[in-house]
Amino acid sequence: MEFLSSILEHTRVSVCCCLFILFLFLSELTGFIATEIVNELYVDDPDKDSGGKIEVNLNISLPNLHCELVGLDIQDEMGRHEVGHIDNSMKIPLNNGDGCRFEGHFSINKVPGNFHVSTHSATAQPQNPDMTHIIHKLSFGDKLQVQNIHGAFNALEGADKISSNPLASHDYILKIVPTVYEDMSGKQRYSYQYTVANKEYVAYSHTGRIIPAIWFRYDLSPITVKYTERRQPLYRFITSICAIIGGTFTVAGILDSCIFTASEAWKKIQLGKMQ
């Protein structure tokens, strides 16, 4: 009976050890298979093949301004001054033609500048253009669909200025940060995050009130953010597994020895009581 009891105790310890090893092995295997995202900062222009251009995607609704009045103007410090940009853009009437949804895809130079939605390109300027709006999307560069990256790639999404002063201009001050994503194969994708500050005002000059507009004034950060996909090296995985197995059996041996010693001591105490 004593021999059988000893075997059962050893079996219990061995089964517990095997289950514990299996749990730790599966945890390590999950970590080995999964990829981690490592980020770093450096000063450089990562997308040197872009020709000094940044692609912009803008989607904005002006529910109280007719489509024939809505236009996009682009200016920058290189001397670009384009009024009524129409390439790769689309206007969709809203509210039975009383409003407009503007969708545009265009490029800007990598220098400080602005682009703005206004009535400046309209044939006849309205008396009181209503610049209340909702921004559905404003993004720069490629779209990064990566689960583990939560950046400000579309920081103005959902910006709602419907309840603001209809005659006010809106300034969005953007700081654009170049962003690079490199996957496991070494392929790189270039995008841009941005921070934003906003102000709303009614502007006047010596001739009277200035026609309101929605301004996006931008500047580029010299700092680039790089995200790199990495996986745990195989040697580290093997080392961890060896450490788990060796450590578990060492601890199991100590526990087994303690249990056996305690069991023997208890038997001696019991025998002492019986005598």
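The values are calculated or read from the model by the stated rules, or taken from the named source; none is laboratory data. Just so we're clear, the structure is a prediction, and the values are computed from it rather than from any experiment. No Cβ is skipped: glycine too gets one built from the backbone with ideal geometry, and neighbour counts run over all protein chains shown. Surface areas here come from the heavy atoms of the whole protein model, side chains and all, with no ligands, DNA or RNA. Shrake-Rupley method; radii C 1.70, N 1.55, O 1.52, S 1.80 Å.
Mind checking the full-extension length gain between Q145 and A243? Use 0.36 nm per residue of separation minus the Cα-Cα distance, one decimal, nm.
Contour length minus Cα-Cα distance gives 31.6 nm.
Could you work out how far apart the two model spin labels at E157 and L22 are, taking each label as a point 7 Å from the Cα in the direction of the beta carbon, and quote it in nm?
That separation, rounded to one decimal, is 4.2 nm.
Over 23 Å between Cα atoms, which of K110/K175; K91/K199; K48/K143 qualify?
With Cα atoms farther than 23 Å apart: K91/K199.
First measure r as the distance between the Cβ atoms of R231 and E103, then evaluate 1/(1 + (r/R0)^6) with R0 = 51 Å and state the FRET efficiency to the nearest 0.05.
Computed FRET efficiency for R231 and E103 comes out at 0.85.
Per residue, what accessible area does segment 41-230 have, given a 1.4 Å probe and all protein chains present, in Å²?
Using a 1.4 Å probe on heavy atoms only, each residue of segment 41-230 averages 50 Å².
Leaving ligands, DNA and RNA out of it, report the carbon-plus-sulfur percent of the accessible area of segment 109-171 at a 1.4 Å probe.
Carbon and sulfur: 45 percent of the exposed surface of segment 109-171.
In nm, to one decimal, how far is the S205 label point from the L167 one, both placed 7 Å along Cα→Cβ?
Result: 1.7 nm between the two label points.
What net charge is computed for the residues neighbouring F102, neighbours being all others with C-beta under 13 Å from the C-beta of F102, Lys and Arg scored +1, Asp and Glu -1?
Surrounding charge for F102 is 0.
Give, as a single signed number, the net charge of other residues whose beta carbon lies under 12 Å from the beta carbon of E40, with Lys and Arg counted +1 and Asp and Glu -1.
0
In nm, to one decimal, how far is the modelled label at D45 from the one at N96, with both set 7 Å along Cα→Cβ?
5.2 nm
Under 10 Å from the Cβ of L65, count the other residues' Cβ atoms, weight Lys and Arg +1, Asp and Glu -1, and hand me the total.
Summing Lys/Arg as +1 and Asp/Glu as -1 gives -3.
List the residues whose amide H sits under 5 Å from the amide H of D98, counting only those 5 or more places along or on another chain, with H placed 1.01 Å from N in the peptide plane.
So D98 has HN proximity to no qualifying residue.
Would you please classify the overall shape of segment 182-259 from the alpha carbon gyration tensor, given that a ≥ b ≥ c denote the square roots of the eigenvalues, rounded means a/c under 1.5, and beyond that prolate means a/b larger than b/c while oblate covers the rest?
Prolate, since a/c reaches 1.5 and a/b exceeds b/c.
If you average the C-alpha positions of segment 185-226 and of segment 83-142 separately, how far apart do those two centres end up, in angstrom?
First find each Cα centre; the distance between them is then 14 Å.
So how much slack lies between I37 and S257, counting 0.36 nm per residue of separation and subtracting their Cα-Cα distance, in nm?
So the chain would gain 74.8 nm between I37 and S257.
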